[in-house]
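Report on the structure given below.
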Amino acid sequence: MATIRSEIKTAAKAAEVWSAVRDVGALHTRLVPGFVTDTKLELGARIVTFVNGVVLREPIVTIDDEARRLVWTHEGGRAKHYNGALQVSALPDGSTSVTWTADFLPDDIHGYFSQAIEAGMAAMQAALDQLAA
C-alpha cells in the first residue's frame, strides 16, 4: 500500500481551520475552492466533484473534534482502496499545521495521487490563509 503525507502551515487559528475541515459538505466553498467544484451530502458520506470532472462518493469514517482529525474513504475513481485523513494541529507560535495522509492501492497510481494532493493542498493553503487575513 502506498502512502502520501503532505503538510501545510497557515497563520489561521487552529479552531478556524478545524471548523473548515469538519464542515464536510463545504469543501468547494470553505476548504479547497477551485480544487473541488461541488459537494453534496448524503447519509454518512459526501459526493465530491473535482475540478477535473471526477466525481467520487466519500464515506466519512471519523470526525474527531478532540483530536481535530477527519478520516474518509472514497468509492469510484482509480484507486481500489483509499483512506484519507486530515489532522489539524495548533503550533507553539500560534500558527496551524494541517497534514493530509493518504493510503491507497494500487501503488502504481502514486504519481496521480501525488499531483492531486499537491493541487488540493495549494487550494487549501490559499483558503486557510484568507482566514488569517
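Bear in mind these aren't lab numbers, they're just calculated from the coordinates by the rules spelled out. Since the structure is predicted, the reported quantities are computational estimates derived from the model, not experimental observations. For neighbour counting, all protein chains shown are included, and Cβ atoms are generated from backbone atoms with ideal geometry for every residue, glycine included.
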Exercise. In degrees between 0 and 90, to the nearest 10, how far off the longest principal axis of the chain does helix 110-132 point, with axes built from Cα atoms?
Worked result: 30
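Relative to the Cα centre, what is the charge dipole magnitude of the chain, using +1 at the beta carbon of each Lys and Arg, -1 at the beta carbon of each Asp and Glu, and rounding to the nearest 20 debye?
So the magnitude is around 140 debye.
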Exercise. Under a GNM of the chain (C-alpha, springs under 10 Å), which listed residue has the highest mean-square fluctuation: 24, 51, 36?
Worked result: 51
Seminar exercise, completed: Farthest towards the positive end of the dipole of the range 42-113, among 50, 101, 88 and with Cβ unit charges of +1 on Lys and Arg and -1 on Asp and Glu, lies the Cα of 50
For this session: Specify the residue with the greatest mean-square fluctuation among 44, 84, 25, computed from a Gaussian network of the chain linking alpha-carbon atoms under 10 Å apart.
Result: 44
Seminar exercise, completed: As straight-line cross-link partners of residue 13, the qualifying aspartates and glutamates (C-alpha separation under 14 Å, not fewer than 8 residues apart within one chain) are 93, 129
Exercise. Around residue 101, what is the net charge, scoring Lys/Arg as +1 and Asp/Glu as -1 over all other residues with Cβ under 12 Å from its Cβ?
Worked result: 0
Seminar exercise, completed: For the pair residue 62 and residue 42, the simple spin-label estimate (label points 7 Å beyond Cα toward Cβ) gives in nm 2.5
Seminar exercise, completed: Across 120, 53, 34, the residue with the highest GNM fluctuation in the chain (Cα network, 10 Å cutoff) is 53
